[in-house]
Amino acid sequence: MNEIETLKKWIDESDNIVFFGGAGVSTESGIPDFRSVDGLYNQKYDYPPETILSHTFFMHNPEAFYKFYRDKLIVHNVKPNKAHIALAELERMGKLKAVVTQNIDGLHQAAGSKNVFELHGSTLRNHCMNCGKFYGVEAIENSDGIPRCECGGIIKPDVVLYEEALDDFVMSESLKYISECDMLIIGGTSLNVYPAAGLINYYKGHKLVLLNRGETPYDNRADLIIRDKIGEVLSSVVDADYSSIA
């Protein structure tokens, strides 16, 4: 039995799957990841992306932060890919119990997934730092300089910046689902970013699947490794309607 056949057999046999994903899940939708050759960390700016996307930089240089944020983190005209659609179908079938993602693009929900835990927040949610009023992505996208609420406060994305803590509820729910699932599929993440990557240590089962083009620190713990595009792999084992993908 080859790797794809094994993956299909395990999915068929399981009704308590969790998917843990990173930037590589969305690259097939045209969103660059952070650490690839053409990713954000290899592009030239006045400051390194890690610095710009820190809480300290945001507080001291908000105008420069928003210039970078609009340019690189707000994505336009992107659609869910085969991976997002396959995962949404597995949830609809009652097999997939949760998606835990490091992505901030909202594509899992756009594909139809309901139980999604966004470890690093979302560009689609924004709030006034003063009065707490909610704003959609267009409030930042269509503004100039520092986006302001009608009360005068700064509109801040609900994206977890470096130096900021992850949301307690999102972390605790992610930990619960991962610790209780019988199959954990990990895709499109280097598993080098903590504390998110540390959640995997709570998986107790024997069906740990890694769908990743490159090596990860957890390869030696995986029960199955498939080095191919996540969308191609999942669409080959999940029967769903992929007609919306051009």
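Residues that are crowded, with 21+ Cβ neighbours inside 10 Å, in contact with a Leu (Cβ under 6 Å, 6 or more places away or on another chain) and outside any loop (DSSP other than H, G, I, E, B) within the stretch 200-225 comprise just one, 209. Selection of first residues in the stretch 215-226 that are more than 9 Å from residue 190 (Cα to Cα) and of second residues that are at pLDDT 90 or above and surrounded by fewer than 12 Cβ atoms within 10 Å (Cβ to Cβ), restricted to Cβ pairs under 7 Å at least 6 apart or on distinct chains, gives the following pairs, ordered by first then second residue: 223/206.
The test for being among the hydrophobic types (A, V, I, L, M, F, W, C) and surrounded by fewer than 21 Cβ atoms within 10 Å (Cβ to Cβ) does not hold for residue 233. The single condition among (1) more than 28 Å from residue 245 (Cβ to Cβ); (2) modelled with pLDDT under 95; (3) open to solvent by less than 30 Å² (accessible area, probe 1.4 Å) that residue 67 does not satisfy is (3).
Looking only at the stretch 124-141, residues that are under 16 Å from residue 73 (Cα atoms) and buried (at least 20 other Cβ atoms within 10 Å of the Cβ) come to 2 in all.
Take residue 114 and tell me if it is closer than 25 Å to residue 223 by Cα, at pLDDT 95 or above and among the charged types (D, E, K, R). No, not satisfied. Against the definition (modelled with pLDDT of 95 or more and touching a strand residue (DSSP E or B) at 6+ places or on another chain (Cβ under 8 Å)), how does residue 131 come out, yes or no? Taking the combined requirement at face value, the residue does not satisfy it.
Residues considered: 81, 77. Of these, the only one that is over 21 Å from residue 171 (Cβ atoms) and in contact with an Asp or Glu (Cβ under 6 Å, 6 or more places away or on another chain) is 81. Contact annotation: residue pairs with Cβ atoms under 7 Å, 6 or more positions apart or on different chains, pairing a residue in the stretch 162-186 that is without any contact (Cβ under 8 Å) to a residue 40 or more places away in the chain with a partner that is exposed (fewer than 15 other Cβ atoms within 10 Å of the Cβ) and outside any helix (DSSP H, G or I), are 179/204.
To keep it simple, each residue is scored yes or no on (1) out of contact with any Gly (no Cβ under 6 Å at 6 or more places or on another chain); (2) within 14 Å of residue 159 (Cβ to Cβ).
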residue: 104; (1), (2): no, yes
residue: 109; (1), (2): yes, no
residue: 113; (1), (2): yes, no
residue: 123; (1), (2): yes, yes
residue: 130; (1), (2): no, no
residue: 137; (1), (2): yes, yes
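Scan the stretch 106-140 for residues that are of a type in the set (Asp, Glu) and touching a Ser or Thr at 6+ places or on another chain (Cβ under 7 Å) and the total you get is 1. The residues of the stretch 68-116 that are of a type in the set (Lys, Arg) and touching a helix residue (DSSP H, G or I) at 6+ places or on another chain (Cβ under 9 Å), listed by number, are 70, 72, 79, 82, 95, 97, 114.
The residue that is surrounded by the fewest Cβ atoms within 10 Å (Cβ to Cβ), counting only those in the stretch 177-199 that are among the small types (Gly, Ala, Ser) and at negative phi, is 198. Do you know which of the residues in the stretch 142-176 that are polar (S, T, N, Q) and under 19 Å from residue 105 (Cβ atoms) is most open to solvent (accessible area, probe 1.4 Å)? Ranking the candidates gives 142 first.
The values are calculated or read from the model by the stated rules, or taken from the named source; none is laboratory data. A quick note: this is a predicted structure, and the numbers were derived from the prediction, not measured. Note: ideal-geometry Cβ built from the backbone for every residue, glycine included; neighbour counts use all protein chains shown. Calculation scope for accessible area: heavy atoms of the full protein, side chains included, ligands and nucleic acids excluded. Shrake-Rupley method; radii C 1.70, N 1.55, O 1.52, S 1.80 Å.
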